[in-house]
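Please read the structure below before turning to the comments.
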Amino acid sequence: CHLLVRRWILIKLHYLILFSGSLSKPLSVTPKLLNVWEGSCAVVSCNIQKEYNNRIINHVSFAWYFQPSFNNTLNDYSGVLLYNSNQTATEVSSEFSNRVKFVGDLGNKNCSLKISQLRLSDKGFYGIRLYWKAGKWQTQNKWFEELEIIVHGKYF
């Protein structure tokens, strides 16, 4: 019986090692729901995996949006642009001007974002569109993750 249990554990461990890369997402955003007070700040933790589907993720770029939606004409997501890793001076919407800051480290595949002085009008969905190249042919890949921020009135 002890030998059977040991064999079963080894089979399960082999399965986890073999298939763990193919079952994961290339991007993780946490938490998926943030409840915050008006006037406070929120940091959205965002991490890019080292590989996806057993291929190394490289040549990474991304864009953060407020109220993102899929645009059929562009065949991509769009919305109020908060940050674009491809631009040195991102054109942020005036409603988020001086309140959004990239706090990640792209070299370490960290894509975290901080939003300060939250307003009631900031309530809604936020999304990140990840672009990367992988594999022998360096084909372009895309992934999208979303979260919701709920801003509550000031509490005194």
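Read the figures in this text as sums done on the coordinates, not as results from a lab. What you see is a predicted model; the values in this text were computed from it and never measured. Here the Cβ is made from the backbone with ideal geometry for all residues, glycine too, and neighbour counts use every protein chain on show.
Structure values in brief
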quantity: Residues whose placed amide H lies under 5 Å from that of GLY104, excluding near-sequence neighbours; calculated: SER112
quantity: Label point distance in nm, GLU51-LEU33, each placed 7 Å from Cα along Cα→Cβ; calculated: 3.6
quantity: Nearby lysines by direct alpha-carbon distance to LYS114 (threshold 29 angstrom, same-chain neighbours under 8 apart not counted); calculated: LYS25, LYS32, LYS50, LYS101, LYS123, LYS133, LYS142, LYS154
quantity: Segment 27-152: relative contact order in percent, alpha carbon pairs under 8 Å with at least 6 residues between; calculated: 35
quantity: Lys, Arg +1 and Asp, Glu -1 on Cβ, resulting dipole of segment 69-118 about Cα centre, debye, nearest 20; calculated: 200
quantity: Computed E for TRP137/ASN98 - FRET, C-beta separation, R0 30 angstrom, nearest 0.05; calculated: 0.10
quantity: Relative exposure of ILE48, ILE128, judged by other C-beta atoms within 10 Å (fewest first); calculated: ILE48, ILE128
quantity: Dipole magnitude of segment 27-152 about its Cα centre (Cβ charges: Lys, Arg +1; Asp, Glu -1), debye to nearest 20; calculated: 400
quantity: Residues listed by number, segment 54-97, amide nitrogen under 13 Å from LYS123 label point at 7 Å toward C-beta; calculated: none
